[in-house]
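Colleague: Quick one: structure below, then a few questions.
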Amino acid sequence: MTETADRVVVVTGGSRGIGRAICTALSAPETVVYFNYSSNSDAAEATAEAIREAGGKACYHQVDVASTDAVADYLGGVIKEAGRIDVLVNNAGITRDGLLVRMKESDWDAVLDVNLKGAFNCMKAAGKAMMKQRYGRIINITSVVGAAGNPGQANYVAAKAGIIGLTKAVAKELASRNITVNAVAPGYIATDMTSDLGDKAKAAMISQIPLARIGTPEDVAAAVAFLASPAADYITGQVIHVSGGMYM
Ligand code: NDP
């Protein structure tokens with residue numbers, strides 16, 4: 001499908017949870033939202049419907065962000081089709097939790113490949129187009145645990161802390177081309193990723209949140225929409241925590 005629009009947005013992992021809320025929040029008339037997913041095509045279609053209901057145009061593809069070649073092909077195709085990329089949101093993420101001494105190498109690699117290398121792959125491919133057009137807004141989804149640490153998540157925490165460093169380095173590299181690079185650090189958000197926590201663990205988690213509630217995907221999407229908007233034009237290299245005060 002060929003799409004033309006005034007504003008071209010790319011969101012990774014847009015089929016469910018926080019990614020779907022971001023796709024919806026960034027949708028508007030004259031905006032095309034490209035999003036990718038890993039395997040869940042029914043969920044992807046539901047996101048596309050939400051984008052259309054919000055007035056935007058939707059294009060979605062099954063692309064593994066961990067594959068450098070697949071991402072280069074995908075984003076090369078987006079640039080060819082849409083002519084530009086204005087906003088890139090690196091949201092795709094997975095967990096493979098376990099204590100360090102028992103963690104399998106494959107679980108370490110999978111989490112680093114999707115959560116950290118995936119963002120590198122997408123920023124590299126989109127960054128070239130943004131440099132040429134002298135405009136871009138890149139928003140990377142990290143996590144509160146990337147700043148605070150968390151036992152049982154050495155791989156995930158390493159990837160999310162890596163995202164914060166990557167954000168700051170690339171913010172400095174690209175600032176002269178009018179490209180801002182920021183991160184959003186969600187706390188405990190109600191999505192499939194957190195759905196298997198039992199009631200006891202949930203209550204313990206909420207007791208750690210000063211605002212005393214679990215966050216919604218929309219709470220996170222609102223911060224992303226702000227960073228993508230002209231109101232945030234003078235903000236780069238920052239991490240906005242959306243965690244109900246879990247980390248200060
Ligand atoms: P979900 O598990 O609900 O959704 C993950 C999304 O990422 C899905 O769209 C999934 O596609 C996609 N995805 C997974 N692997 C890949 C891949 N290799 N290539 C492309 N897409 C992929 O996660 P959340 O919405 O909860 O999380 C979104 C982001 O927010 C993640 O980066 C996560 O680490 C971060 N985060 C979440 C928190 C939370 O409490 N939920 C807290 C802090 C950070 P598919 O549907 O096909 O599987």
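Colleague: When only residues in the range 86-112 that are over 15 Å from GLN153 (Cα atoms) and within 12 Å of the ligand (Cβ to nearest atom) count, which is surrounded by the fewest Cβ atoms within 10 Å (Cβ to Cβ)? Quick ask: steps written out before the conclusion?
Modeller: Going through the range 86-112, the residues over 15 Å from GLN153 (Cα atoms) turn out to be 86-92.
Restricting the remaining residues to those that are within 12 Å of the ligand (Cβ to nearest atom) gives 89-92.
On the way: VAL89: 32, ASN90: 28, ASN91: 29, ALA92: 25.
Selected residue: ALA92.
Colleague: Determine the pairs where a residue that is closer than 11 Å to MET123 by Cα and without any contact (Cβ under 8 Å) to a residue 60 or more places away in the chain, located within the range 136-148, has a partner that is within 11 Å of the ligand (Cβ to nearest atom) and of a type outside the set (Val, Ile, Thr) with Cβ atoms under 8 Å apart, the partner being 6 or more residues away or on another chain.
Modeller: ILE138/ASN90; ASN140/ASN90; ASN140/ALA119; ASN140/ALA183
Colleague: If you check VAL63, VAL32, VAL78, which single one turns out to be within 10 Å of the ligand (Cβ to nearest atom) and either over 19 Å from SER15 (Cβ atoms) or of a type in the set (Val, Ile, Thr) (or both)?
Modeller: Unique residue meeting the criteria: VAL63.
Colleague: With the structure loaded, tell me whether ALA58 is surrounded by fewer than 18 Cβ atoms within 10 Å (Cβ to Cβ), within 23 Å of ARG137 (Cβ to Cβ), more than 8 Å from the ligand (Cβ to nearest atom) and not acidic (Asp, Glu) or whether it fails that test.
Modeller: On the way: surrounded by fewer than 18 Cβ atoms within 10 Å (Cβ to Cβ): no; within 23 Å of ARG137 (Cβ to Cβ): yes; more than 8 Å from the ligand (Cβ to nearest atom): yes; not acidic (Asp, Glu): yes.
So ALA58 does not fit the description; no.
Colleague: How many residues does the range 44-55 contain that are surrounded by fewer than 17 Cβ atoms within 10 Å (Cβ to Cβ) and within 16 Å of the ligand (Cβ to nearest atom)?
Modeller: So the first thing to find is which residues in the range 44-55 are surrounded by fewer than 17 Cβ atoms within 10 Å (Cβ to Cβ), and the list is 45-46, 49, 52-53, 55.
Filter once more, so that each one left must be within 16 Å of the ligand (Cβ to nearest atom): 45-46, 49.
Number of matching residues: 3.
Colleague: Okay, moving on. Evaluate the range 167-183: report whether one residue or more is in contact (Cβ under 8 Å) with a residue 12 or more places away in the chain, in a helix (DSSP H, G or I) and under 14 Å from the mean Cα position of the chain (by Cα).
Modeller: Here is the first cut: in the range 167-183, the residues in contact (Cβ under 8 Å) with a residue 12 or more places away in the chain are 167-168, 170-172, 174-175, 177-183.
This time we only want the ones that are in a helix (DSSP H, G or I), so: 167-168, 170-172, 174-175, 177.
Now narrow it down to the ones that are under 14 Å from the mean Cα position of the chain (by Cα): 167.
Within the range 167-183, one or more residues are in contact (Cβ under 8 Å) with a residue 12 or more places away in the chain, in a helix (DSSP H, G or I) and under 14 Å from the mean Cα position of the chain (by Cα).
Each value in this text was obtained by applying a stated rule to the coordinates, not by laboratory testing. Quantities reported herein were computed from a predicted structural model and do not represent experimental measurements. As a convention, Cβ positions derive from the backbone with ideal geometry for all residues, glycine included, and neighbour counts pool all protein chains shown.
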